[in-house]
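Have a look at the structure below before the remarks.
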Amino acid sequence: MSCSSDLEQIHQALTAYYEALYYGQAEKLTEAFHPDAVLLGDVEGTESRLDQAQYRKLLQSRPSPHAQGAPYGLQIGEVRCCGNAAMAELQTPLAGRVFTDYVSLLKRQERWRIVFKLYSHPQ
């Protein structure tokens, strides 16, 4: 289903997420993520599960990619929508790897936010 009228807002949420990650601005996560969001992933063969509060602490505990001189590299792939639900595929460079993120978004009160993020990287 087409979501052309919502695509700009979806891209804004996805960009806010990556900018929080890239610049180490944990407070920006609130713009991008639903308060009950879950992040589930595979990092070097180990399962990782975080809620938004845990993700915020993780971002605050490490130097940002920007501070380390890494180039800004968000790539937004396909975005699909159905009503107030959407999903998107992202490529997000971090710590010498390029992660593939599959994110689910939900529109509430005229605002799109990430409710679930599934991520991994090539071995």
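Odds and ends about this structure:
- Qualifying residue in the stretch 29-52 (condition: of a type in the set (Lys, Arg) and exposed (fewer than 11 other Cβ atoms within 10 Å of the Cβ)): yes
- Sole exception among (1) in contact with a Phe, Trp or Tyr (Cβ under 9 Å, 6 or more places away or on another chain); (2) assigned to a loop (DSSP other than H, G, I, E, B); (3) small (Gly, Ala, Ser); (4) farther than 14 Å from Tyr18 by Cα for Ala70, by number: (4)
- Checking Ala32 against (1) more than 11 Å from the chain's Cα centre (by Cα); (2) closer than 26 Å to Cys81 by Cβ, the condition it does not meet: (1)
- If the condition is being farther than 19 Å from Pro122 by Cβ and of a type in the set (Lys, Arg), then the stretch 62-112 contributes Arg62, Arg80, Lys107, Arg108, Arg111.
- Flag if Tyr17 is more than 20 Å from Cys82 (Cβ to Cβ) and within 11 Å of the chain's Cα centre (by Cα): yes
- Residue check for Ser4: modelled with pLDDT under 90, in a loop (DSSP other than H, G, I, E, B) and polar (S, T, N, Q): yes
- Counted as qualifying within the stretch 7-66 are the helices (runs of 4 or more DSSP H) with 1 or more residues that are over 24 Å from Gln109 (Cα atoms), namely 7-23, 52-61.
- Residue in the stretch 93-114 that is in contact with a strand residue (DSSP E or B) (Cβ under 6 Å, 6 or more places away or on another chain), assigned to a strand (DSSP E or B), under 16 Å from Thr30 (Cα atoms) and among the basic types (Lys, Arg) present: yes
- Matching residues, the stretch 57-84, being touching a residue at least 24 places away in the same chain (Cβ under 8 Å) and closer than 19 Å to Gln12 by Cα: Tyr72, Gly73, Leu74, Ile76, Val79, Arg80, Cys81, Cys82, Gly83, Asn84
- Considering (1) buried (at least 17 other Cβ atoms within 10 Å of the Cβ); (2) of a type outside the set (Asp, Glu); (3) within 21 Å of Ser120 (Cβ to Cβ), the lone condition that Ala26 does not fulfil carries the number (3).
- In the condition set (1) in a helix (DSSP H, G or I); (2) in contact with a strand residue (DSSP E or B) (Cβ under 8 Å, 6 or more places away or on another chain); (3) within 21 Å of Arg108 (Cα to Cα), Met87 is compliant with all but (1).
- Residue in the stretch 85-102 that is surrounded by the most Cβ atoms within 10 Å (Cβ to Cβ), counting only those that are over 12 Å from the mean Cα position of the chain (by Cα) and at pLDDT 95 or above: Ala86
The values are calculated or read from the model by the stated rules, or taken from the named source; none is laboratory data. What you see is a predicted model; the values in this text were computed from it and never measured. Every residue, glycine among them, receives a Cβ derived from its backbone with ideal geometry; neighbour counts consider all protein chains shown.
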